[in-house]
Amino acid sequence: MITAKAGAKINLVFQVGQLQPDGYHPVNSLYQELQLSDLVSIEKGVPGSGFSIEVTTEGLPSRHINSVPKDRTNLVYKVAEYLFGRANIPLLDLSVTINKQIPVAGGMAGGSADAAAMLVAVNEYLSIEHQISRLSDQDLLEIAKEFGSDVPFSFCGGLAIGQVRGEQLTSLPALPFETNWVILISQEGLSTPSVFARFDQLGGGTQFRDLSQLPRNVTELAEIMTNDLQEAAISLLPAIASNLHVLEDLGALKTIVSGSGPTVIGLFESGELANRAVEQLRNMGQFALTTRAGAGGAQLQR
């Protein structure tokens, strides 16, 4: 079995421009990888079994597992199909297990993380099982761009500015301080297209600013955190506003919607305070977890 992992993504800053004639919105975002990761494992299946996907978790609510497609619409299938096709090898009898820790439809690029991990895993599988030369990281990064705007960052990880559709990345050095996050997961999902459509209805579109000047401490980070899609997400799912206020009441320095939502994230001054907030949220019947910033991108699990 070959296993690879890739981390969740949060947008510390997410600026969105007006809808363009090509149907996309330009973005200017400060991406941060989290230690919270999905694992994707692949192995040769029983002869005649075809391509199968199993989804597991150690704690996410059942809706997050049930909503993950297990057919050809899943990005892990599309990645495998692409890489096997590139190697001129039939895609047969491959068993895939996705261990989900990243919320589904939560604005944290969980599907993109799975795709990035699959790129790494299949690259290794083809080398071991079929003696195909491994593709370089640069080759895999170029391929990642074929599968969505968030997949390149999920592959690279760390801290980066994302522009154009988010796939044009400028890597940055890691923040010089620890960040502790509480992730408060909604019981409902939001589709990214619907949030962008509401953003347009609300007359969205912002002037981009230079994101290369990094904050020096956690207080400065709290001051710059913003998300242009937050108003649109709240208008579609008003409960998001309550979740933001709950995190604030529990001591978060800053709370924002993660990506297109509905997950909300809170920045805390210490791991102890974050853990205490998660315990209180769970006592309130909310599903929440805590994590820190990560680095390394998609990589094999040895």
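Residue by residue, here is whether (1) more than 17 Å from the chain's Cα centre (by Cα); (2) farther than 18 Å from A6 by Cα; (3) modelled with pLDDT under 95; (4) open to solvent by 20 Å² or more (accessible area, probe 1.4 Å) holds:
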residue	(1), (2), (3), (4)
V68	no, no, yes, no
Y77	yes, no, no, yes
M108	no, no, yes, no
M118	no, no, no, no
V122	yes, no, no, no
R134	yes, yes, no, yes
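Kindly evaluate V40 against the criterion of being surrounded by fewer than 24 Cβ atoms within 10 Å (Cβ to Cβ), among the β-branched types (V, I, T) and assigned to a strand (DSSP E or B). Lay out the reasoning, then the answer.
Numbers: surrounded by fewer than 24 Cβ atoms within 10 Å (Cβ to Cβ): no; among the β-branched types (V, I, T): yes; assigned to a strand (DSSP E or B): yes.
It is false that V40 is surrounded by fewer than 24 Cβ atoms within 10 Å (Cβ to Cβ), among the β-branched types (V, I, T) and assigned to a strand (DSSP E or B).
When only residues in the range 268-302 that are in contact with a Gly (Cβ under 6 Å, 6 or more places away or on another chain) and under 30 Å from I2 (Cβ atoms) count, which is surrounded by the most Cβ atoms within 10 Å (Cβ to Cβ)?
Only one residue fits best here, namely G297.
Tell me, please, whether a residue that is over 20 Å from S29 (Cβ atoms), out of contact with any helix residue (DSSP H, G or I) (no Cβ under 9 Å at 6 or more places or on another chain) and either assigned to a loop (DSSP other than H, G, I, E, B) or open to solvent by 70 Å² or more (accessible area, probe 1.4 Å) (or both) can be found in the range 149-160.
No, every residue in the range 149-160 fails to be over 20 Å from S29 (Cβ atoms), out of contact with any helix residue (DSSP H, G or I) (no Cβ under 9 Å at 6 or more places or on another chain) and either assigned to a loop (DSSP other than H, G, I, E, B) or open to solvent by 70 Å² or more (accessible area, probe 1.4 Å) (or both).
Only one of I240, I265, I234 is open to solvent by 40 Å² or more (accessible area, probe 1.4 Å) and within 21 Å of the chain's Cα centre (by Cα). Can you tell me which?
Selected residue: I234, the only one of I240, I265, I234 that is open to solvent by 40 Å² or more (accessible area, probe 1.4 Å) and within 21 Å of the chain's Cα centre (by Cα).
Just to be sure I understand, how many residues within the range 175-199 are closer than 22 Å to L30 by Cβ, hydrophobic (A, V, I, L, M, F, W, C) and over 16 Å from the mean Cα position of the chain (by Cα)?
Count: 5.
Would you pick out the residues in the range 136-148 that are open to solvent by less than 20 Å² (accessible area, probe 1.4 Å) and free of Cβ contacts under 8 Å to residues at least 24 places away in the same chain?
L140
What single numbered condition from (1) of a type in the set (V, I, T); (2) farther than 29 Å from Q286 by Cα; (3) open to solvent by 40 Å² or more (accessible area, probe 1.4 Å) fails to hold for T192?
That leaves (2) as the condition not met.
If you check every pair at least six apart or on different chains, which have Cβ atoms under 8 Å apart with a residue in the range 3-21 that is aromatic (F, W, Y) first and a residue that is outside any strand (DSSP E or B) second?
Partner pairs satisfying both residue conditions: F14/D228; F14/L229; F14/G259.
Count, please, the residues in the range 43-66 that happen to be open to solvent by 70 Å² or more (accessible area, probe 1.4 Å) and of a type outside the set (D, E, K, R).
5
Can you say whether L221 is under 18 Å from V16 (Cα atoms), in contact (Cβ under 8 Å) with a residue 12 or more places away in the chain and buried (at least 17 other Cβ atoms within 10 Å of the Cβ), as far as the supplied structure shows?
no
Look at the range 136-146 and say how many of its residues are assigned to a helix (DSSP H, G or I), more than 15 Å from A6 (Cα to Cα) and not basic (K, R).
Total satisfying the criteria: 5.
Filter the range 287-300 for residues that are more than 21 Å from S270 (Cα to Cα) and touching a helix residue (DSSP H, G or I) at 6+ places or on another chain (Cβ under 9 Å) and give the result. Spell out how you get there, then give the answer.
So in the range 287-300, the residues more than 21 Å from S270 (Cα to Cα) come out as 296-300.
If the condition is that a residue be more than 21 Å from S270 (Cα to Cα) and touching a helix residue (DSSP H, G or I) at 6+ places or on another chain (Cβ under 9 Å), then G297, A298, Q299, L300 are the ones that fit.
What single numbered condition from (1) under 28 Å from H245 (Cβ atoms); (2) buried (at least 16 other Cβ atoms within 10 Å of the Cβ) fails to hold for L169?
Of the numbered conditions (1) under 28 Å from H245 (Cβ atoms); (2) buried (at least 16 other Cβ atoms within 10 Å of the Cβ), the odd one out for L169 is (1).
Is it the case, given these coordinates, that Y31 is surrounded by 15 or more Cβ atoms within 10 Å (Cβ to Cβ), in contact (Cβ under 8 Å) with a residue 24 or more places away in the chain, aromatic (F, W, Y) and farther than 20 Å from L159 by Cα?
no
The values are calculated or read from the model by the stated rules, or taken from the named source; none is laboratory data. Since we're looking at a predicted model, the values are computed, not measured. Virtual Cβ from ideal backbone geometry, glycine too; neighbours counted across all protein chains shown. Surface areas here come from the heavy atoms of the whole protein model, side chains and all, with no ligands, DNA or RNA. Shrake-Rupley method; radii C 1.70, N 1.55, O 1.52, S 1.80 Å.
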